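The values are calculated or read from the model by the stated rules, or taken from the named source; none is laboratory data. This is a predicted model, so every value here is computed, not measured. In this analysis, Cβ positions are derived from the backbone assuming ideal geometry, glycine residues included, and neighbour counts consider all displayed protein chains.
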Amino acid sequence: MDQTALFKDRLTGLILTDEAGQKSDTVQITLDNRITLPDVGAVLDISLSFVESGLTPTGRYVVDELSGELFPATLTISGKAADMLGGIKSPKNRNWNEVTLQDIVAKIAGENSLKSAINDSHQGQVLRLFGADR
């Protein structure tokens, strides 16, 4: 449920950190103290926008820490990317041989409930293991 109206005039800071590799993306939301904080474990779907472009989803985060400051009176919600609980950022080892890039992209996307897309010029490229018999 969209909760934007409850805190949009209370937001004093928002930091989204897009981490590389296996490290979890994070969010830190700072609000003035006129709001009830969510529970640890709550899921936050965050979208940002410019006036001209409309909302763009930036991620789903699980609240993992709540804190506050007395001067100035602020509350901080910290969270980690919900997709780190499993899914595409979970490490996997695989061997691909004599398989098209299109097939690899489709397989990985399907396993993660994503839509696959690949440039037409790369769809038919076949991956061959170095030193593998042909």
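Just one of the numbered conditions (1) in a loop (DSSP other than H, G, I, E, B); (2) under 26 Å from Leu129 (Cα atoms) is not true of Val105: (1).
Yes or no, residue by residue, for (1) in a loop (DSSP other than H, G, I, E, B); (2) at pLDDT below 80; (3) surrounded by 10 or more Cβ atoms within 10 Å (Cβ to Cβ):
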{"position": "Met1", "(1), (2), (3)": "yes, yes, no"}
{"position": "Gly13", "(1), (2), (3)": "no, no, yes"}
{"position": "Glu19", "(1), (2), (3)": "yes, no, yes"}
{"position": "Gln22", "(1), (2), (3)": "yes, yes, no"}
{"position": "Val27", "(1), (2), (3)": "no, no, yes"}
{"position": "Thr30", "(1), (2), (3)": "no, no, yes"}
{"position": "Pro38", "(1), (2), (3)": "yes, no, yes"}
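If only one of Val27, Val51 is of a type in the set (A, V, I, L, M, F, W, C) and within 19 Å of the chain's Cα centre (by Cα), which one is it?
Details: Val51 fails: within 19 Å of the chain's Cα centre (by Cα).
Among Val27, Val51, only Val27 is of a type in the set (A, V, I, L, M, F, W, C) and within 19 Å of the chain's Cα centre (by Cα).
Please determine, by comparing only the residues of the stretch 58-96 that are at pLDDT below 85 and of a type in the set (S, T, N, Q), which one is surrounded by the most Cβ atoms within 10 Å (Cβ to Cβ). Per the criteria, the residue is Ser90.
For the condition at pLDDT 85 or above, in a loop (DSSP other than H, G, I, E, B), small (Gly, Ala, Ser) and more than 25 Å from Asp39 (Cα to Cα), what is the one hit in Ala117, Ala132? So that I can check it myself, show each step before the final result.
Values: Ala132 fails: at pLDDT 85 or above.
Ala117 is the lone residue from the list that is at pLDDT 85 or above, in a loop (DSSP other than H, G, I, E, B), small (Gly, Ala, Ser) and more than 25 Å from Asp39 (Cα to Cα).
Residue-level analysis places Ile35 among those that are touching a Phe, Trp or Tyr at 6+ places or on another chain (Cβ under 8 Å) and farther than 16 Å from Gly79 by Cα. Pairing residues of the stretch 33-51 that are of a type in the set (D, E, K, R) with residues that are assigned to a strand (DSSP E or B), at Cβ distances under 6 Å and at least 6 apart in sequence or on separate chains, gives Asp45/Arg60.
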